[in-house]
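Every number in this text was worked out from the coordinates using simple rules, so none of it is lab data. Note that the structure is predicted; figures quoted are calculated from it, not measured. No Cβ is skipped: glycine too gets one built from the backbone with ideal geometry, and neighbour counts run over all protein chains shown.
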Amino acid sequence: MSTVAHSHLPPARRVAAASMIGTTIEWYDYYIFGTAAVLVLNDQFFPALSPAAGTLAALATFAVAFIARPFGGIIFGHFGDKVSRKTILVWSLMLMGMSTFIVGFLPNYDAIGIWAPILLVLLRFLQGLAVGGEWGGAVLMALEHAPEKKKAFYASWTQSGVPAALVLSSTIFLLMQQMDEASFHAWGWRVPFWISALLIVVGLFIRLRITESPEFLKMKSEKREVRVPLFELIRTAWWPLILGTLTLASPNIIFYISSVYLLSYGPTHVGLNRDSVFMALIIAAFIQVFTIPMVAMLADRLGKKKIMLAGAAMVALLIYPVFWLVNTGQPMAALGAMIIALPITHATAYAVVASFIPELFQPEVRFTGSSLAYQIGGIITSAPAPFIAEYLMQSTGSSMAVATYIAVAAAVGFTAIALSRPAKKRTDHPEARASSSVMP
């Protein structure tokens with residue numbers, strides 16, 4: 001019997017809680033940039049552009065991180081598969097914290113000219129690198145510590161960190177917006193970035209106190225690690241990588257439409273008060289912190305694939321009522337739209353991702369494979385979503401064009417989920433392939 005089986009491991013819930021708290025902090029840093037992109041970055045860093053063009057430029061800067069995320073997945077995934085899952089989580093958190101904190105001190109365009117947007121883009125790229133390593137490490141620590149029949153539930157705690165971060169970042173920005181407009185644009189928008197320094201200290205304290213993944217230690221003890229996980233992944237598990245990437249189409253797009261684009265769409269196109277949209281988002285995201293693990297518990301009973309398929313179908317069908325409600329211009333209707341979009345629809349599509357995607361890969365390439373699938377999925381689904389939505393809205397003048405775009409993406413995700421299957425348990429020699437097959 002492996003020595004890992006006799007070692008004293010922390011309870012699964014302790015590791016899952018640590019993953020959730022760390023992920024909340026890291027995604028808080030990530031989301032405050034997205035919120036700032038909609039509210040203020042166009043004025044601070046792109047003042048020479050028209051308001052519409054400035055908003056598009058700020059959203060494009062927001063998307064830069066998605067380009068960096070796969071590189072972060074490769075770099076952090078390599079060492080996460082070969083050296084340590086835990087250590088990578090610590091380094092990703094530190095990189096994110098430093099990048100975010102510096103944004104809070106970055107001079108604007110009026111102070112240093114073209115260097116302001118250049119440095120902003122660079123720091124956003126570093127944020128993307130950090131997130132590229134964060135998700136894979138956090139979900140694997142929770143998943144690989146979890147009991148066999150509760151893997152979806154414990155892995156979902158990491159997913160709950162996403163709406164928790166959204167609540168935290170949106171609440172702080174909402175409070176900052178209560179100050180007079182001149183002060184907010186002068187320095188108030190920087191406060192959420194400064195706060196990240198304190199949160200990072202808390203996150204590091206928590207993550208340094210957990211132990212390494214038992215599955216990773218078992219793999220190391222059996223000397224099953226591969227020399228270059230990325231090459232092994234491409235050689236033996238390219239098909240799971242493609243499918244894992246496409247499964248994210250439905251949860252990613254509806255999330256970024258709801259949490260980023262609607263903050264601009266509601267006030268600009270419908271006339272909703274911005275604070276009303278913020279409050280709707282905060283309430284819906286708070287509810288989602290709890291509905292995500294509830295959906296995951298159901299997945300442990302009914303099957304992960306069934307819940308993932310149901311989530312994709314819900315995205316395609318319910319995105320139309322979301323826009324119909326927002327288009328009424330009524331605050332309570334906007335709240336109803338956010339509740340349908342996030343704690344109901346997105347929770348169903350997203351809760352099981354943390355256990356579904358990693359299980360497509362064998363342990364020796366799992367960090368690299370799940371990170372790349374998640375981050376490449378971010379590039380092709382999340383990153384362009386707010387930009388495409390605004391372009392469709394300006395081109396057609398109809399939110400139904402935006403809704404149809406989301407529905408089509410959900411259909412793509414549904415197909416990928418249907419074709420996916422978990423990697424088989426290893427029965428071959430340690431030097432054999434890292435995936436049991438390359439074709440479905």
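Using only the alpha-carbon atoms, how far is helix 191-207 inclined from the longest principal axis of the chain? Give it as 0 to 90 degrees, nearest 10.
10 degrees
Relative to the longest principal Cα axis of the chain, at what angle does helix 115-145 sit, 0 to 90 degrees, rounded to 10?
40 degrees
Taking 0.36 nm per residue of sequence separation and subtracting the Cα-Cα distance, how much length would be gained by fully extending the chain between Met179 and Phe290, in nm to one decimal? Display every interim value, and only then the final one.
Values: separation 111, 0.36 × 111 = 39.96 nm, distance 3.15 nm.
That pair, Met179 and Phe290, stretches by 36.8 nm at full extension.
Can you show me the helix-derived [θ] at 222 nm for the chain, built from DSSP H runs with n ≥ 4 at -39,500 (n - 2.57) apiece and divided by the number of residues, rounded to the nearest 500.
Helix-only estimate at 222 nm: -24000 deg cm²/dmol.
For labels at Thr415 and Ala186 in the simple 7 Å Cα→Cβ model, what's the distance in nm?
So the two model labels end up 5.5 nm from each other.
In whole Hz, with x marking every Gly and Pro, tabulate ³J(HN,Hα) for region 154-164 from phi via Karplus 6.51 cos²θ - 1.76 cosθ + 1.60, θ = phi - 60°.
Listing the rounded values in order: 5, 5, 5, 4, 5, 4, 5, x, 5, x, 4 Hz.
Using the count of nearby Cβ atoms within 10 Å as a rough guide to exposure, how do Glu364, Glu225, Glu232 rank from fewest to most?
Glu225, Glu232, Glu364
What percent of all Cα-Cα pairs in the chain falls into each 10 Å bin, going from 0 up to the bin containing the maximum distance?
Per 10 Å bin, starting at zero, the Cα-Cα P(r) for the chain comes out as 5, 23, 33, 25, 11, 3, 0 percent.
Compute, for the chain, the length of the dipole vector about the Cα centre, with Cβ point charges of +1 (Lys, Arg) and -1 (Asp, Glu) only. Units Debye, rounded to 20. Please report the intermediate quantities before stating the final value.
Details: 30 positive and 22 negative charges, 323 e Å.
Once rounded to the nearest 20, the dipole reads 1560 debye.
Within region 57-130, which chymotrypsin sites (Phe, Trp or Tyr not before Pro) sit in a loop by DSSP and count at most 13 neighbouring Cβ atoms inside 10 Å?
Phe105
Relative to the first principal axis of the alpha-carbon coordinates of the chain, what is the inclination of helix 85-103, with its axis defined by its Cα atoms, in degrees from 0 to 90 and to the nearest 10?
Relative to the chain, helix 85-103 is tipped by roughly 10 degrees.
For region 300-342, what are the per-bin percents of Cα-Cα distances with bins 5 Å wide, up to the bin holding the maximum?
Result, from short to long distances: 6, 23, 23, 16, 13, 10, 7, 3, 0 percent.
Among Phe231, Phe367, which comes first, then next, by fewest other beta-carbon atoms within 10 Å?
Phe231, Phe367
For every other residue with a beta carbon closer than 13 angstrom to the beta carbon of Ala165, add +1 if it is Lys or Arg and -1 if Asp or Glu, then tell me the sum. Write down the numbers at each step before the final one.
Values: positive: none; negative: Glu26, Asp29, Glu134.
Net local charge, Ala165 excluded: -3.
Separation of region 331-393 and region 212-270 by C-alpha centroid, Å?
Their Cα centres are 9 Å away from one another.
List the lysines whose alpha-carbon lies under 18 Å from that of Lys82, not counting same-chain residues fewer than 8 positions away?
Within the straight-line cut-off, Lys82 pairs with Lys218, Lys220, Lys223.
Measure out, as a whole number of angstrom, how far apart the alpha-carbon centroids of region 61-80 and region 133-161 sit.
20 Å
Got a sec? Charge dipole of the chain, +1 on Cβ for Lys and Arg, -1 for Asp and Glu; which of Pro214, Ile376, Val162 is way out at the positive end?
Among Pro214, Ile376, Val162, the one farthest towards the positive end of the dipole of the chain is Pro214.
Please state the equivalent ellipsoid semi-axes for region 236-326: what are the square roots of 5 times the Cα gyration tensor eigenvalues, largest first, in whole Å?
29, 17, 12
Based only on other Cβ atoms within 10 Å, what is the fewest-to-most ordering of Glu26, Glu212, Glu144?
Glu212, Glu144, Glu26
Net charge around Thr247, counting only other residues with Cβ within less than 14 Å of its Cβ (Lys, Arg = +1; Asp, Glu = -1)?
+3
Pulled fully out, how much extra length does the chain show between Ile118 and Ile67, if you take 0.36 nm times their separation in residues and subtract their Cα-Cα distance? Mind dumping the intermediate values first?
Values: separation 51, 0.36 × 51 = 18.36 nm, distance 1.56 nm.
Full extension from Ile118 to Ile67 adds 16.8 nm.
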